Each structure stands twice: as C-alpha cells, then as structure tokens.
Amino acid sequence: GEGLAVSARVAPLGSRLVLLLVEDLTEARRIEAVRRDFVANVSHELKTPVGALSLLSEAVMDASDDPEAVNRFAGRMQIEATRLTSLVQEIIDLSRVQDDDALVDAEPVAVDDLVAEAVDRCRQPANSKQITMATGTTPDLYIWGNRGQLAAALGNLVENAVNYSPARTRVGIAGRRISGSGGDRIEISVTDQGIGISERDRERVFERFYRVDPARSRATGGTGLGLSIVKHVAASHGGEVTVWSVEGQGSTFTLRLPEAARGRSPEAGAGPDR
Ligand code: ADP
C-alpha cells in the first residue's frame with residue numbers, strides 16, 4: 001500500500017524520517033478531529049439559546065391577553081438574546097486568535113493600560129457584588145504583542161475572577177518584570193478569593209467549552225471559551241498562562257509574556273546593555 005511505498009523510499013534515510021511522517025499524519029488527523037469536535041460543540045451551544053428563544057416567542061403569543069406575562073417572557077428573551085450575542089462574539093474572537101498571526105501587528109503595549117482596561121470592563125459586575133479590585137504594577141512595563149488580543153486575554157481573566165467569587169471579596173491584579181536567561185518577561189497575575197478549582201479541573205479549564213459547573217457558568221453569562229482564548233493568546237505571543245488554586249479559597253491565573261524593551265521588539269532590545 002501507500003504506507004509501504006513511503007517507508008521503502010525513505011528507508012535509506014533511516015527510521016527517524018518514517019517516524020516523522022507518521023507523526024505528521026497523526027497530528028493532521030488530530031487537528032481534523034479537534035475541528036470536527038469544535039463544530040459539534042458550537043452547534044450544541046447555539047441550540048440552547050435558540051431553542052429557548054423559540055419557546056419563549058411561542059409563550060409570548062399564547063399570553064397575548066396577559067401583559068404581565070408578556071413582559072416577563074420578553075425579559076427572558078432579552079437575556080437569551082444577550083447570551084447568544086456573547087457566544088457568537090466569543091466564537092469569532094477565538095477563531096481570530098487561532099488564525100491570525102498575533103505578532104504581525106505587534107507593538108509595545110503598556111501593562112498599565114491593559115490593567116486599567118480590564119478593570120474598567122469588570123467595574124459594573126464587581127461593584128454590584130461589592131468586590132474590591134486592587135491593582136499594583138511596576139511602572140513602565142511593556143509587552144511586545146497585539147494590543148487587542150492582550151486586552152481580551154487579561155479582560156477574560158479578570159472577568160472570571162469576579163464571576164467566580166462571592167460578594168465582598170478582593171480581586172488583585174499585579175504586574176512585574178521577571179528576569180531570565182532568555183530575556184526579561186512580564187508577569188501579570190490575577191488573584192481572587194473565589195470558589196477555586198480542583199486539581200482535576202485545573203487541567204481542563206483551558207479546553208474549549210469546558211466548564212466546571214455549566215449551570216453556574218451560564219448564569220454568569222459564561223461561554224466556556226474565555227480561558228481557551230487566553231491560552232491561545234499567550235501561546236501565540238511566545239508566552240504561557242498557568243493556574244494555581246486552592247478549592248474554596250481562591251485562584252491565581254498568571255500570564256507570562258515577552259517584554260518589549262524600550263519600545264522595540266524583544267529580539268532588537270535584548271542587548272547586553274539591559
Ligand atoms: P466561562 O465562560 O464558563 O467562564 P472560561 O473558559 O473562562 O469559561 O472558564 C472555564 C471554566 O473554568 C469556568 O466555567 C469555571 O468553571 C472555571 N473558572 C475559570 N476561572 C475561574 C476562577 N477564577 N475561579 C474559579 N473557577 C474558574
């Protein structure tokens with residue numbers, strides 16, 4: 001068969017090349033399976049709010065002589081429509097961070113700006129739960145990256161911290177520089193005093209559509225896509241995101257990203273003078 005012909009042809013080059021070819025095929029198959037899975041998940045996730053909207057619109061029609069009921073159903077339709085909108089938006093965001101080369105539009109991005117934007121985005125839900133947001137960043141920190149993607153990533157982490165914390169707790173956002181042999185990196189951590197994540201779930205929360213508690217996630221408008229967006233953004237920037245957590249006590253999500261040295265790319269800036 002085809003496989004035999006391939007191995008016969010490359011045999012003189014040694015078995016390592018054969019292994020590479022096989023691995024390549026396996027990887028292609030894996031990617032295809034992941035894609036198929038994703039489409040199935042998206043369809044399933046879309047069906048929930050669409051189904052609810054359809055039932056609710058029927059209920060509105062049936063209740064046409066009861067204005068109070070019409071109002072109640074209309075209110076629920078609005079909630080489902082909002083959910084649908086944010087789901088579609090997150091699917092678009094995810095496909096963008098997966099397909100675009102994040103570093104094509106890379107520039108030095110001020111950490112202070114990113115933190116301020118993320119805090120702003122969560123101010124309303126934080127206020128309504130009386131959650132205090134405390135920020136502390138070393139001045140003059142710049143990340144080399146795509147502003148929109150970095151803002152989306154940090155925004156998701158802060159949003160989660162607020163969503164998965166009880167009232168009257170604290171969310172801390174800290175930014176600092178850490179020096180390493182491969183150049184300086186910027187570390188941004190988001191710490192909450194929330195419900196925490198079990199060890200088993202910590203491995204899975206970065207997967208698309210994975211939620212520890214689907215009902216709770218939906219109630220707060222969650223889509224299960226936020227952390228997979230964060231993970232993609234970190235990876236495409238040559239960085240990483242990690243989680244540390246104690247169940248019932250809280251979690252810390254940490255982003256580590258390349259520093260932009262003096263407004264230039266990390267390669268250009270990583271001279272011996274630093
Ligand atoms: P969601 O839209 O459901 O928040 P995410 O991808 O952002 O989706 O997160 C996946 C799951 O990880 C959440 O449903 C939640 O169970 C868990 N999670 C994320 N952040 C936190 C946090 N700060 N504290 C506790 N659990 C969290």
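The values are calculated or read from the model by the stated rules, or taken from the named source; none is laboratory data. Quick caveat: nothing in here was measured; it's all calculated off a predicted structure. Backbone-built Cβ (ideal geometry, glycine too); neighbour counts: all protein chains shown.
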Helices (runs of 4 or more DSSP H) wholly inside the stretch 155-248 containing at least 1 residues that are under 22 Å from I92 (Cα atoms) and near the ligand (Cβ under 10 Å from one of its atoms): 214-219, 226-236
Looking only at the stretch 179-192, filter to residues that are small (G, A, S) and out of contact with any Leu (no Cβ under 9 Å at 6 or more places or on another chain); which one of those is surrounded by the most Cβ atoms within 10 Å (Cβ to Cβ)? G183
Output for Cβ contacts, cut-off 7 Å, separation at least six or different chains, first residue among the aromatic types (F, W, Y) in the stretch 73-99, second at pLDDT 90 or above and not in a helix (DSSP H, G or I), reads F73/A63
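Kindly indicate the residue of the stretch 49-58 that is exposed (fewer than 15 other Cβ atoms within 10 Å of the Cβ) and in contact (Cβ under 8 Å) with a residue 12 or more places away in the chain and also nearest to the chain's Cα centre (by Cα) among those meeting that condition. First the steps, then the outcome.
Taking the stretch 49-58 as the starting set, the residues that turn out to be exposed (fewer than 15 other Cβ atoms within 10 Å of the Cβ) are 50-51, 54-55, 57-58.
Still in the running and in contact (Cβ under 8 Å) with a residue 12 or more places away in the chain: 50, 57.
Numbers: V50: 24, S57: 33 Å.
Among those residues, the one meeting the criterion is V50.
This table checks each residue for (1) without any contact (Cβ under 8 Å) to a residue 24 or more places away in the chain; (2) in a helix (DSSP H, G or I); (3) of a type in the set (D, E).
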{"residue": "T26", "(1), (2), (3)": "yes, yes, no"}
{"residue": "E32", "(1), (2), (3)": "yes, yes, yes"}
{"residue": "L46", "(1), (2), (3)": "no, yes, no"}
{"residue": "A69", "(1), (2), (3)": "yes, yes, no"}
Of the residues that make up the stretch 41-59, is at least one modelled with pLDDT of 85 or more and farther than 28 Å from F209 by Cα? yes
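For the stretch 79-121, give me the residue count where each residue is assigned to a helix (DSSP H, G or I) and at pLDDT 95 or above.
Residues in the stretch 79-121 being assigned to a helix (DSSP H, G or I) and at pLDDT 95 or above: 10 in total.
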(1) touching a residue at least 24 places away in the same chain (Cβ under 8 Å); (2) part of a helix (DSSP H, G or I); (3) over 15 Å from V190 (Cβ atoms): which one isn't true of W144, the others all being true? (2)
Can you name every residue in the stretch 114-138 that is over 18 Å from G194 (Cβ atoms) and in contact (Cβ under 8 Å) with a residue 24 or more places away in the chain? L114, V115, E117, G136, T137, T138
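Rundown of residues vs (1) surrounded by fewer than 19 Cβ atoms within 10 Å (Cβ to Cβ); (2) more than 17 Å from E45 (Cβ to Cβ); (3) at pLDDT 90 or above, yes/no style:
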{"residue": "G194", "(1), (2), (3)": "no, yes, yes"}
{"residue": "S198", "(1), (2), (3)": "yes, yes, yes"}
{"residue": "V205", "(1), (2), (3)": "no, no, yes"}
{"residue": "A215", "(1), (2), (3)": "yes, no, no"}
{"residue": "T223", "(1), (2), (3)": "no, no, no"}
{"residue": "G226", "(1), (2), (3)": "no, no, yes"}
{"residue": "V233", "(1), (2), (3)": "no, yes, yes"}
{"residue": "G239", "(1), (2), (3)": "no, yes, yes"}
